[in-house]
Amino acid sequence: MKFNYDDSNVFAKILSKSIPSTNIFENESVLAFKTIEPEYDHHVLVIPKKPYVSYAHFVREADQCEIADFFKSIDEVAKKMKIEDSYKLITNHGKHVGQEVFHFHVHLVRDN
Ligand code: AMP
């Protein structure tokens, strides 16, 4: 399967700072920011800075360090949000399960 990254997607614009975001965490390879349409009391999106379309693209093509850094960063984001004792991770890979933004992201969420 060939992944074609479209750099006009909204998260590419957030990364280039051409549209604003409310950032929670940032390091060399990862950015986390609040969703504009929260479905939970706590709802943050965590993205790699490199251009991957979805989860499958990321795990097939990113190197091991990048993958490890990404998933460790999610726990750092949870600490910043003060929800590290309990949280849920969601990712939509593909349009059939409702992926709307085609830059890989994990929803880090919790109610209350
Ligand atoms: P998904 O359906 O998994 O692709 O999720 C897309 C997410 O991106 C949803 O939570 C949207 O509310 C969020 N979203 C879309 N545009 C923006 C934006 N400009 N800033 C922050 N979050 C956004």
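Among PHE58, PHE11, which is the only one that is assigned to a helix (DSSP H, G or I), touching a Pro at 6+ places or on another chain (Cβ under 7 Å) and within 15 Å of the ligand (Cβ to nearest atom)?
One residue alone meets the criteria, PHE58.
Criterion first (over 11 Å from the mean Cα position of the chain (by Cα) and within 8 Å of the ligand (Cβ to nearest atom)) does PRO51 satisfy it?
No; evaluated as a whole, the condition is false for this residue.
Which residue is surrounded by the fewest Cβ atoms within 10 Å (Cβ to Cβ), if the candidates are limited to region 15-26 and must be more than 13 Å from LYS80 (Cα to Cα) and within 14 Å of the chain's Cα centre (by Cα)?
Filtering first and then ranking leaves THR22.
Only residues that are of a type outside the set (Gly, Ala, Ser), within 16 Å of the ligand (Cβ to nearest atom) and free of Cβ contacts under 8 Å to residues at least 12 places away in the same chain: list them for region 80-109, please.
Hits for region 80-109 are LYS95, HIS96, VAL97, GLU100.
For residues in region 14-48 being within 8 Å of the ligand (Cβ to nearest atom) and assigned to a strand (DSSP E or B), which is nearest to CYS65 (Cα to Cα)?
Result: LEU45.
Checking VAL77 against (1) in a helix (DSSP H, G or I); (2) within 16 Å of the ligand (Cβ to nearest atom); (3) without any contact (Cβ under 8 Å) to a residue 24 or more places away in the chain; (4) surrounded by 13 or more Cβ atoms within 10 Å (Cβ to Cβ), which test does it fail?
Exception for VAL77: condition (3).
Which of (1) touching a residue at least 12 places away in the same chain (Cβ under 8 Å); (2) loosely packed, with under 15 Cβ neighbours inside 10 Å; (3) on the phi < 0 side of the Ramachandran plot is the odd one out, the single condition ASN112 does not satisfy?
Failing condition for ASN112: (3).
Taking the options PHE3, PHE70, name whichever one is of a type in the set (Phe, Trp, Tyr), on the phi < 0 side of the Ramachandran plot, touching a Phe, Trp or Tyr at 6+ places or on another chain (Cβ under 8 Å) and assigned to a helix (DSSP H, G or I).
PHE70
Could you give me the residue pairs with C-beta distances under 9 Å whose first residue belongs to region 1-14 and is surrounded by fewer than 15 Cβ atoms within 10 Å (Cβ to Cβ), whose second residue is of a type in the set (Ser, Thr, Tyr) wherever it lies, and which are 6+ apart or on separate chains?
Here the result reads ASP7/SER16, each pair linking region 1-14 to a residue that is of a type in the set (Ser, Thr, Tyr).
Where a number appears in this text, it was derived from the coordinates with a stated rule and is not lab data. Treat the numbers as computed from the prediction; the structure is a model and nothing was measured. So basically every Cβ, Gly included, is an ideal-geometry build from the backbone, and we count neighbours across all protein chains shown.
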